[in-house]
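The values are calculated or read from the model by the stated rules, or taken from the named source; none is laboratory data. Not measured: the values here are computed from a predicted model. Methodologically, a virtual Cβ is constructed for each residue, glycine included, from the backbone with ideal geometry; neighbour enumeration extends over all protein chains shown. For the accessible areas, the whole protein counts, side chains as well, though only heavy atoms, and no ligand, DNA or RNA atoms are used. Shrake-Rupley method; radii C 1.70, N 1.55, O 1.52, S 1.80 Å.
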Amino acid sequence: IKKIGVLTSGGDAPGMNSAIRAVVRCALANDIEVYGIYDGYAGLHKGNLKQLTRHSVSDMINRGGTFLGSARFPEFKEESVRQEAIKNLEKHGIEALVVIGGDGSYMGAKKLSEMGYPCIGIPGTIDNDIAGTDYTIGFMTCLNTIVDAVDRLRDTSSSHNRISIVEVMGRYCGDLTLWSAIAGGSEYVVLPEIGFDEAELFEHIETGEASGKKHAIIMITEHVTDVTELAKRIEAKTGRETRATILGHIQRGGSPMAFDRVLASRMGARAVELLIDGKSARCIGLQYGKMVDHDIIECLEEMERPFREDLYNLSNVLF
Ligand code: ATP
């Protein structure tokens with residue numbers, strides 16, 4: 001293999017740049033040229049690509065976001081659009097593609113592979129919602145950002161005897177919420193995997209108050225309920241000042257922490273190794289501390305992400 005492409009797709013995640021850097025440097029070390037495709041599948045369709053050198057990825061290991069850009073491009077679900085994308089790659093003699101992104105991006109890579117174009121997937125998303133890996137690139141950094149915000153909210157909510165509701169990203173995966181609830185010492189956690197019982201939450205707040213708790217932090221995953229409305233209902237029910245904070249896009253930004261940089265470097269290196277070995281339609285993961293790879297179709301269609309019941313139970317003991 002002589003030429004490969006790399007792109008980032010879906011929501012950006014801290015550590016994506018470290019992954020691109022690893023793909024570029026490991027490929028060059030094996031005399032493989034690398035083309036960077038800008039703005040995900042949208043750029044692939046437009047033919048927006050450029051050859052990357054060692055220098056293109058200098059000073060990138062510590063930068064948040066993705067210097068290649070990312071985009072949502074639903075048109076990629078159409079076969080004719082993907083056909084044009086493959087033509088763009090072939091025009092430049094690019095023989096395979098590394099896709100860094102979430103499960104939507106994996107779907108794109110899977111479909112390209114099914115059309116005969118070799119692809120490797122690297123899990124780059126803050127949500128940690130991809131099967132076949134314990135951690136996705138960006139999860140740990142995002143988690144730290146959330147915990148930092150929760151620490152700040154704790155200072156102000158305990159000074160004012162306030163109840164704070166914190167809405168956390170994660171789409172339909174509660175990992176960021178659950179981990180930040182444990183790390184931030186919150187009083188209650190609401191996860192999409194468990195569902196939301198408002199009566200139980202009220203009861204929990206009342207029990208906490210009776211036992212002398214001066215404040216409460218409630219962590220909740222996005223899309224579960226309208227947190228601003230929930231704050232109003234809690235205030236009406238308990239008579240205590242309640243505020244909802246939606247952390248939003250702050251969670252995506254920032255320099256990747258060391259864990260994500262190392263994870264991204266290892267995953268980028270493995271992607272290049274797989275391509276050198278002539279493998280395609282694989283996705284990379286870290287399981288029990290080891291680099292692994294799985295069939296991307298199996299990963300999307302058959303494998304499940306196990307819910308961390310042990311952590312959920314722990315959080316309930318620690319509250
Ligand atoms: P994150 O979860 O972090 O937002 P993601 O990769 O899941 O990342 P999506 O917006 O779901 O983000 O997908 C990214 C891109 O992948 C889409 O904009 C689209 O171009 C492509 N894509 C998604 N689903 C499909 C599909 N079924 N077939 C082909 N391409 C797809």
**Asked** Within the bounds of region 150-157, is there any residue that is more than 11 Å from the ligand (Cβ to nearest atom), without any contact (Cβ under 8 Å) to a residue 40 or more places away in the chain and hydrophobic (A, V, I, L, M, F, W, C)?
**Response** no
**Message:** For a quick check of your reading: which strands (runs of 3 or more DSSP E) sit entirely within region 81-192 and have at least 1 residues that are among the small types (Gly, Ala, Ser) and farther than 30 Å from Glu209 by Cβ?
**Reply:** 96-101, 119-123
**Message:** List the residue pairs whose Cβ atoms are under 7 Å apart, where the first residue sits in region 1-29 and is open to solvent by 10 Å² or more (accessible area, probe 1.4 Å), the second is within 12 Å of the ligand (Cβ to nearest atom) and of a type in the set (S, T, N, Q), and the two are 6 or more positions apart or on different chains.
**Reply:** Gly10/Ser70; Gly10/Ser105; Gly10/Thr125; Gly11/Thr125; Asp12/Thr66; Asp12/Ser70
**Message:** Need the failing condition index for Pro192 against (1) touching a residue at least 60 places away in the same chain (Cβ under 8 Å); (2) open to solvent by 40 Å² or more (accessible area, probe 1.4 Å), just the number.
**Reply:** (1)
**Request:** Evaluate the following for Ala71: is it of a type in the set (Gly, Ala, Ser) and modelled with pLDDT under 95?
**Result:** yes
**Asked** Which members of region 250-282 meet the condition of being over 17 Å from Ser18 (Cβ atoms) and within 15 Å of the chain's Cα centre (by Cα)?
**Response** Ile250, Gln251
**Fill in**
Of (1) over 13 Å from Thr238 (Cβ atoms); (2) part of a loop (DSSP other than H, G, I, E, B), Lys213 satisfies every one except (1)
**Asked** If you check Gly268, Gly239, which single one turns out to be open to solvent by 60 Å² or more (accessible area, probe 1.4 Å) and among the small types (Gly, Ala, Ser)?
**Response** Gly239
**Asked** Which pairs do you get when a residue that is within 11 Å of Ser280 (Cα to Cα), found in region 95-112, comes within reach of a residue that is within 8 Å of the ligand (Cβ to nearest atom), reach meaning Cβ atoms under 8 angstrom, with the pair 6+ apart or on two chains?
**Response** Leu112/Arg82
**Request:** Report the residue count in region 100-139 for those that are more than 7 Å from the ligand (Cβ to nearest atom) and in contact with a Phe, Trp or Tyr (Cβ under 6 Å, 6 or more places away or on another chain).
**Result:** 2
**Request:** For region 30-76, name all the residues that are open to solvent by 50 Å² or more (accessible area, probe 1.4 Å), polar (S, T, N, Q) and away from the ligand (no atom under 16 Å from the Cβ).
**Result:** Asn30, Gln51, Thr53, Asn62
